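The values are calculated or read from the model by the stated rules, or taken from the named source; none is laboratory data. It should be emphasised that the depicted structure is a prediction, and the values quoted were computed from it without experimental measurement. Backbone-built Cβ (ideal geometry, glycine too); neighbour counts: all protein chains shown. Just so you know, the surface numbers come from the protein's heavy atoms only, side chains and all, with ligands and any DNA or RNA stripped out. Shrake-Rupley method; radii C 1.70, N 1.55, O 1.52, S 1.80 Å.
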Amino acid sequence: GFELACGHALPAGATLAYKVHGPPVGASKGVILHPTSFDAVHDELEYSIGEGQTLDTSAYTVVVPNLLGNGVSYSPSRMGHAERLAGYPPLLSIGDNVRAQHLLLEHLHAARGAPMAPLSLVYGYSMGALQAYEWAVAHPDHVERIAAVCGAARCGELNGVFLRSIEEALKADAAWDASRGHFTTRPDRGLRAFGSIYAGWGVGAGWYTQRGYASAGFECAEAFVRDSYLPAFANCDADDLLSQIRTWRHADVSRHTGGDLAAALGRVRARVLLMPCDEDRYFTLGEAQHEAALLGERATLRPIVSAAGHRAGDPHRPELAAEAAFIRRHVHELLSER
């Protein structure tokens, strides 16, 4: 099976789910890779893909691989009872995901008899940005550009505090079996606590203090949390969420260089577009500014000014049309650079 960085191997039947948009591989101007983010699956990203969209299929082939652990690719929720009892790998790392994606692209090119060319762009939001950075550091000759939207090169300490809080909220439910390391039933109370905490981090402070939620049709903050964040996670598989949290928390491109972030980013040859949101509460503007300084002339920093915070980088909602246009314009500028 596929060997993981943690020393385990995926079972023979493990899958990496993906979808290809636009012309077949080898029949377009190039390939854009768009890895999924936390608790997102490929069809939820289609709003930004198509002719004239942020990822323009009139010129490019767009490949969307699903994160391992997201419920569509190999995940706890896709394991049989016997497999669950045997145990789930302790960590499916960002590096594991990128190696699997590399194998996928090799397969897609070979199936078309096309040579493996450098990716025109790796476009990633949030956890997708962690994967984009991993591509640029681990495979510097295979990537021409990356766009990191509301993301970073690693999971910082503040980010880790956030992730620990939502993980502990899930595990506080009586359905958590610590001895076996998984949930015995759906942790409804834990998922409700998870969504309640996430609502305080997933948007910017201004979303509440300046009543940004009103632009989304909510009369008060309580209604926004109740009708937006709580239902978003109510039916999630909690073991899938924990798997993705572990992947996220351990993300760090500096593991390639003994913990030296400057050295890791020194390996990057791609053009880098950094698009943090000024009110993002866990992938912060300050971290993006620091990374831009380390990357120097290879980086372009284009902050998104929005009370939506982290949510601004995933602008599929009508109230985020300005954020969507801003991202689209700068991604198109990046792709026009030679």
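Okay, residues lined up against (1) more than 27 Å from Asn66 (Cβ to Cβ); (2) assigned to a loop (DSSP other than H, G, I, E, B):
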{"residue": "Arg226", "(1), (2)": "yes, no"}
{"residue": "Ala232", "(1), (2)": "no, no"}
{"residue": "Asp239", "(1), (2)": "no, no"}
{"residue": "Arg246", "(1), (2)": "no, no"}
{"residue": "Arg255", "(1), (2)": "no, no"}
{"residue": "Arg267", "(1), (2)": "no, yes"}
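Being within 20 Å of the chain's Cα centre (by Cα), open to solvent by 40 Å² or more (accessible area, probe 1.4 Å), of a type in the set (Val, Ile, Thr) and over 14 Å from Met127 (Cα atoms) is a condition met by at least one residue of the range 20-42. Filtering the range 121-146 to residues that are open to solvent by 10 Å² or more (accessible area, probe 1.4 Å) and part of a loop (DSSP other than H, G, I, E, B) leaves His139, Glu144. If the condition is being of a type outside the set (Asp, Glu) and either touching a Ser or Thr at 6+ places or on another chain (Cβ under 9 Å) or open to solvent by less than 40 Å² (accessible area, probe 1.4 Å) (or both), then the range 287-308 contributes Ala288, Ala292, Leu295, Gly296, Ala299, Thr300, Ile304, Ser306, Ala307, Ala308.
Listed here are the residues, each with its yes/no results for (1) assigned to a loop (DSSP other than H, G, I, E, B); (2) open to solvent by 10 Å² or more (accessible area, probe 1.4 Å).
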residue	(1), (2)
Glu44	no, yes
Ser58	yes, yes
Ser73	yes, no
Glu83	no, yes
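For beta carbons closer than 6 Å, sequence separation of 6+ or different chains, a first residue in the range 22-49 that is within 18 Å of Val143 (Cα to Cα) and a second that is surrounded by fewer than 21 Cβ atoms within 10 Å (Cβ to Cβ) and of a type in the set (Lys, Arg), the qualifying pairs are Val25/Arg112; Gly26/Arg112. Only one entry in Arg269, Arg281 is farther than 26 Å from Glu46 by Cβ, touching a residue at least 60 places away in the same chain (Cβ under 8 Å) and touching a Pro at 6+ places or on another chain (Cβ under 6 Å), namely Arg269. Contact map, the range 141-166: first residue more than 16 Å from Leu119 (Cβ to Cβ), second residue basic (Lys, Arg) and surrounded by fewer than 22 Cβ atoms within 10 Å (Cβ to Cβ), Cβ cut-off under 7 Å, separation 6 or more or different chains; pairs are Cys155/Arg249; Gly160/Arg249; Leu163/Arg249. Scanning the range 147-189 for residues that are assigned to a loop (DSSP other than H, G, I, E, B) and either open to solvent by 40 Å² or more (accessible area, probe 1.4 Å) or at pLDDT below 95 (or both) yields Ala172, Ala174, Ala178, Ser179, Arg180, Gly181, Thr184, Thr185, Arg186.
Yes/no per residue for (1) at pLDDT 95 or above; (2) among the small types (Gly, Ala, Ser):
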| residue | (1), (2) |
| --- | --- |
| Gly52 | yes, yes |
| Thr61 | yes, no |
| Gly69 | yes, yes |
| Arg84 | no, no |
| His102 | yes, no |
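Would you say Pro89 is modelled with pLDDT under 95, more than 18 Å from the chain's Cα centre (by Cα) and open to solvent by less than 20 Å² (accessible area, probe 1.4 Å)? When the stated conditions are applied, Pro89 passes them.
One line per residue, one yes/no per condition, for (1) aromatic (Phe, Trp, Tyr); (2) open to solvent by 70 Å² or more (accessible area, probe 1.4 Å); (3) within 20 Å of the chain's Cα centre (by Cα):
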position: Ala232; (1), (2), (3): no, no, yes
position: Asp240; (1), (2), (3): no, no, yes
position: Ser243; (1), (2), (3): no, no, yes
position: Arg255; (1), (2), (3): no, yes, yes
position: Ala322; (1), (2), (3): no, yes, no
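Taking the conditions (1) assigned to a loop (DSSP other than H, G, I, E, B); (2) modelled with pLDDT of 95 or more in turn, Met116 satisfies each one other than (2).
Would you mind stating whether Asp278 is among the charged types (D, E, K, R) and under 20 Å from the mean Cα position of the chain (by Cα)? Here the answer is yes, as Asp278 does meet what is asked.
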